[in-house]
1. Quote the charge dipole size of the stretch 500-572 about the Cα centre in Debye, to the nearest 20; the model charges only the Cβ of Lys and Arg (+1) and of Asp and Glu (-1).
2. Determine one quarter of the surface area of the Cα convex hull of the chain, which equals its mean projected area, and express it in nm² to one decimal.
3. Enumerate the amide H contacts of residue 52 below 5 Å, restricted to partners 5 or more residues apart or on another chain; note that Pro and chain-start residues carry no placed amide H.
4. Tell me, what is the FRET efficiency for residue 166 and residue 38 to the nearest 0.05, using R0 = 22 angstrom and their Cβ-Cβ distance as r?
5. Tell me the mean residue ellipticity at 222 nm calculated for the chain from its helices only (DSSP H runs of n ≥ 4, each -39500 (n - 2.57), averaged over every residue, nearest 500).
6. Would you mind computing the Rg to Rh ratio of the stretch 1-119 from its alpha-carbon coordinates, Kirkwood style for Rh?
7. What do the square roots of 5 times the Cα gyration tensor eigenvalues come to for the stretch 189-286, in whole Å, largest first, as semi-axes of the equivalent ellipsoid?
8. Treating cross-link reach as a plain straight distance, find the lysines whose alpha-carbon is under 30 Å from the alpha-carbon of residue 513, omitting any fewer than eight places away in the same chain.
Amino acid sequence: MMRDGVRLNTLVILPPEKSKLGVPSILIRTPYKTEFSWSSALYQELLHQGYAIIMQHERGRYFSEGEFRMLGGALEDGWDTLDWIVSQPWSNGDVGTFGCSSSGENQLKLATASHPAHKAMVAGSVGVGVAEAGPFQEQGNFWRGGVWQQGWMNYFYASMHQDWPQLPRGLSNEERQRTIGFFDLSNAGWKVPSSTFNKTRMHLPMVDIMNQLNAPRNELEQYLMRGPAHESWSELRVSEGDMITVPGLYFESLYDISSRSSLAYFEWNRQANQKQGRNNQQLRLTQGGHCSFGRGTVENEQAKIGDLALGDMRYDYVKQTIDWFNRWMKPSTHQTPLGDAYTAFLGDGQWLHTNTLPMKGDQQWQLSANGQLTQASLKGTHSLSYDYDPADPVPSLGGEIYGEGDDHNDGSFDQAPIQERDDVLVFTSDAVHSDLTLFGMTEVLLSVSSNQPDTDFTVKINDLYPDGRAFNIGNTIMRMRYREGVEREVFMQKGEIYNIVLPPIMLSRIIKKGHRIQVEVSSSNFPSYSRNLNTAENPYTSTEFAVATNTIHFGAGHQSMIRLPVHNEPSR
């Protein structure tokens, strides 16, 4: 029972062999039906290693009392549950936490409280638990460059569905247990076809899309109306400055919406711990999808993300997870030094091991009006213009979040069909003369102007193969009204040139000898990102839009360029 009297449905599974001194526990707090299969190798190995497994549904989910809100009770309910665990006769007082996505994200706020029983954590795809870190003000991966990431629509529609009505209040614990026994969690048979979103994703006003879908009650309208700067974003999330001292093993995927802000927060937190003499944070960066860690169907000998072949991406997820818990909860079993802070997949079966994440690039490539991407100095000044029409946005082709509908997928795909559009500018380098290893944040800068008070600018980086296929390896976006920060809106003046810095692009890839680096610039990437309507009105409540003539400026006095994070140490 929580401090406010709310009872959370909690399943306790004890290992077959129990010590007289009690056993360590692994706590999973989740809004999902379950975190892993009871027949999975990880579940079986945790029990074999002598851990009790405690799975608890967050308040308002399944048979737990209370009202559900995303990450609600992460700190208070998590703390009360740790108190409860250590008071049990089977507990030795040591607890680790585990989970991916929301089950990982609700660990973060709890971990900042440093409960004495909280000995270790393993968390995957935790970006929704990060408000602001480094150059990112994504407020939980909902916003990028001040733009709502519209791929969240299907989550708010489908994942907020409740499979059963909540049990009536006033039941005793015995009555609740008896009533729950009449139900089966596998009863969840409600499915939403992806095509459901095809007809409504262009609907205006955007804030009304959930009503158009007749969706279950959710927080989407509230989130949109908050905008990208609101004090409530940090209430349930961590930001730079909120230190986690609990030893943490993190898993992130490059092609997941979660990765950028998670990596930025991890790097800050790692350094903050290191300054206080602690070396207890590690992160593995893969290139599968959201929470695909340990899945043999994704992380296999012939891995792919979208249409991009990645090679051998295998590693022992179960062993790494178990070893982490054992290191901090059974220290006598682990005497070996801790390895590098980062293990990052680069493609073609190669992993990079390093102790730092570069937050800025060091190799400058300039965009030029003749379509070249060059390291040479540019003479004179030039510009290129295109028209952006919100009624005909550039369609998303891959990326980190697939948007809405059954015709979009995340991952990496050949961008050639996109590049045929008049509103997409393409800049291509010469072939690189040797393999180029990229790891870290890529700076993206543009000099721009427009005939409208507000518009967006999008940038995409591609790996151009010798056969002409251009695979996307990262993208970003900036809403011009937020170019000076998301805290206030500053609209554009017609024809005035603005130098802007877009949110960085995280890269982890080897550009092979003979390949080319390619940059695309446009003003939409839909439905991964919501459309800018090119007016000074609220883009989420307005139905009016205008066509924008947008211009990119090059050469002397301008800053249309990228800075790549080149890693010169050999990978292994």
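1. Taking the Cα centre of the stretch 500-572 as origin, the dipole is about 600 debye.
2. Details: hull surface 104.2 nm².
Reported value for the Cα convex hull: 26.1 nm².
3. For residue 52, the qualifying residues are 25, 26.
4. Details: r = 25 Å, r/R0 = 1.13.
E(calc), rounded to 0.05, equals 0.35.
5. One gets -4500 deg cm²/dmol as the mean residue ellipticity at 222 nm.
6. Values: Rg = 13.5 Å, Rh = 14.3 Å.
Radius of gyration over Kirkwood radius for the stretch 1-119 works out to 0.94.
7. 37, 18, 11
8. Straight-distance partners of residue 513: 304, 360, 379, 460.
The values are calculated or read from the model by the stated rules, or taken from the named source; none is laboratory data. Predicted, not measured: the structure shown is a model, and the values here were computed from it. In this analysis, Cβ positions are derived from the backbone assuming ideal geometry, glycine residues included, and neighbour counts consider all displayed protein chains. Keep in mind that these areas ignore ligands, DNA and RNA; they rest on the heavy atoms of the full protein, side chains included. Shrake-Rupley method; radii C 1.70, N 1.55, O 1.52, S 1.80 Å.
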